[in-house]
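Data first, discussion second: the structure below is written as structure tokens.
Values quoted throughout were computed directly from the atomic coordinates according to the rules given, and no laboratory measurement underlies them. Source: prediction; values computed, not measured. Note that we place each Cβ from the backbone using ideal geometry, even for glycine, and neighbour counts take in every protein chain shown.
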Amino acid sequence: MGSADRGSATGTILLSFDPGQARVVLSGEIDVACATQADVACTVVEQVRCSVLVDASCVTSMDVAALGFLIRLQRASTGRQLLHASEPVLRLLQLTGLTAHLGA
């Protein structure tokens, strides 16, 4: 299993792979400061074209830039499932009306 980790002071996006599937683990503050990490993860998923599992259980806060990341991941993957969303993630999805769209 290979992985790419590009951490930051505010949040981390960890991308790892198993055959035919990517796993994205989000932790901390997922916001515009994580844009480079998010872009790298999305670009890799776009190139590989596989299903993606997203674990957002350790997210402490999230902004609209992170929602854009989740939408881009959904479009890039052959299937995406949001697992273990933390309360801040669920709250933002509810406020924006994206709960059903992003599978939370």
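Some points to look at:
- 19 Å cut-off, amide nitrogen to a point 7 angstrom out along Leu83 Cα→Cβ, residues in region 37-62: 41-42, 45, 49-60
- Put simply, the amide H of Ala85, placed in the peptide plane, has neighbours under 5 Å in Ala56, leaving out anything fewer than 5 places away on its chain.
- Cα-based shape type of the chain, given that a ≥ b ≥ c are square roots of the gyration tensor eigenvalues and the cut on a/c is 1.5: oblate
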